[in-house]
1. Can you confirm whether Leu120 is closer than 22 Å to Thr67 by Cβ, in contact with a Leu (Cβ under 8 Å, 6 or more places away or on another chain) and without any contact (Cβ under 8 Å) to a residue 40 or more places away in the chain?
2. Determine which member of the set Val281, Val248, Val340 is of a type in the set (Val, Ile, Thr), modelled with pLDDT of 95 or more and not in a helix (DSSP H, G or I).
3. Anything in region 343-393 that is at pLDDT 65 or above, in a loop (DSSP other than H, G, I, E, B) and not β-branched (Val, Ile, Thr)? List them, or say none.
4. Looking at region 124-144, is at least one residue hydrophobic (A, V, I, L, M, F, W, C), loosely packed, with under 14 Cβ neighbours inside 10 Å and in contact (Cβ under 8 Å) with a residue 12 or more places away in the chain?
5. Just name the residue that is farthest from Ile232 (Cα to Cα) out of those in region 284-311 that are aliphatic (A, V, I, L, M) and not in a helix (DSSP H, G or I).
6. Counting only residues that are more than 18 Å from Ala197 (Cβ to Cβ), of a type in the set (S, T, N, Q) and surrounded by fewer than 20 Cβ atoms within 10 Å (Cβ to Cβ), how many does region 245-294 have?
7. Mind listing whichever residues of region 49-59 are surrounded by fewer than 20 Cβ atoms within 10 Å (Cβ to Cβ) and at negative phi?
Amino acid sequence: MMGQQLKQNIIIQNLLETSNEFYQDLLGYKPGQTSLTQVPENQWNEFAQTRGLNPNSSGIYLPRNQTAIIRQDNLLSLFHEYFGHGLYCEQSLSGKKLVDLEKRLLEEEKQEFSKGKFTLEDIQRFRARNETFQELDKFRKQNLLQYETFAIWTEYLLSGEFGLNDLFGRKYDSLSKQEKEAVDSAINFSEQYGNLATFYTNGLARRTTPKIVKRLLEDVCGQNLDSIKFGILFGSRKPFSDIDIYLVSNKIEPFSSNWIDTRVHTQNRFEEGIRNFDIRVTDPLFSGEFIFGDRIYFEQQKKRLRNQTITQEVVKYNLQKSEDYKNLRKEDFDICDQVVDSKGYVQTYLLNALALKQGKRLFTRNALVSYPLRASVEGDKPPQFQGGRKNAT
């Protein structure tokens, strides 16, 4: 029996280490706050009874102390509890809120029962009138399906990585109709758009390195990836903000969701933007990070922007853009260069026209927003314009 337990420990440890490497490579992080407790198979029934669990269960995750407890003989439980629930609670806003509510409730219960013995009934009565418990209970119910679906999809993902598909197949057969439908939806999405997109759709943090974003685009764009002249990662790049990507491609259509916003210009539209110092083009070029593609072409266009002549036509172009966005109806936003909210661009294009009129090449939105104050301090003089659009090329 001891030999069997030792063998199982070694298997679990190997899976743990290999899975951590898989997540670190794919996502840029792995579980770091979740602890793992293994209960030997011959002790599971007693443990389950003590915890009030179904003896047929194979594990439990405790958000209040971020501990995954698994039955030692069940490999899927490691995937489900430690990597599924653990990673969700560490790296999603919903999971973090669940942990915070559980920890707050724990502290309130400690304070309530710090002076003497108490029973399970005492805890139940306390929770019935406790606001934190009511908030927690409501939040759990609202998020339960996604919480469990993500963990089951994690079983599917890691089972595939380690050749345990048959094991997952038996687990899948035991699911309810609602669970199967939810898991099927997640599996179909991951097969169409890739694993990274599935993690992000479930609200997990985005670590946007060029390597990770290129892999994401490979999954999402498929064969059209080769049509991309170059790609840029820009925007705030915060873990729970949209991933902002700028692409130059004649084939790919713009796409967006609650976690990604992809701005796509054809090469002709891009080069038109270069000629006119268009902020929709210059901002990602100078504020972003090159992901992949033709770096020589990328650098040539930046050099061109730094050196090309500022003309009256360029100023007029930016003034007209400001006016166009000002008059834009909400239903026309998507038509007008993939804009979701036009108000910011009314000001940005106007500021760009002002800066260009004074001979300033300010290529990012942040630089333009702070420009009026700087211009008055520096006492810039308007340039002497030379020619028209012909000189700008």
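1. no
2. Val248 is the lone residue from the list that is of a type in the set (Val, Ile, Thr), modelled with pLDDT of 95 or more and not in a helix (DSSP H, G or I).
3. Once the filter is applied, which keeps residues that are at pLDDT 65 or above, in a loop (DSSP other than H, G, I, E, B) and not β-branched (Val, Ile, Thr), region 343-393 yields Gln358, Gly359, Lys360, Arg361, Leu362, Phe363, Ser370.
4. Step one: filter region 124-144 for residues hydrophobic (A, V, I, L, M, F, W, C), giving 126, 128, 133, 136, 139, 144.
Adding the requirement that they be loosely packed, with under 14 Cβ neighbours inside 10 Å leaves 128, 144.
From what is left, the residues that are in contact (Cβ under 8 Å) with a residue 12 or more places away in the chain are none.
Checked against the condition, which is being hydrophobic (A, V, I, L, M, F, W, C), loosely packed, with under 14 Cβ neighbours inside 10 Å and in contact (Cβ under 8 Å) with a residue 12 or more places away in the chain, region 124-144 yields no hits at all.
5. Residue satisfying both the conditions and the ranking: Ile310.
6. Total satisfying the criteria: 5.
7. Gln49, Thr50, Arg51, Leu53, Asn54, Pro55, Asn56, Ser57
Residues are listed down the side, and each one gets a yes or a no for (1) assigned to a helix (DSSP H, G or I); (2) under 30 Å from Ala205 (Cα atoms); (3) not assigned by TED's automatic domain parsing to the domain that holds Glu191:
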position	(1), (2), (3)
Asp219	yes, yes, yes
Pro254	no, yes, yes
Thr262	no, yes, yes
Gly273	yes, no, yes
Glu313	yes, no, yes
Tyr317	yes, no, yes
Asp324	yes, no, yes
Leu328	no, no, yes
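The values are calculated or read from the model by the stated rules, or taken from the named source; none is laboratory data. Model, not experiment: these values are computed from the prediction. Counting neighbours? That spans all protein chains shown, and the Cβs are built from the backbone with ideal geometry, glycine included.
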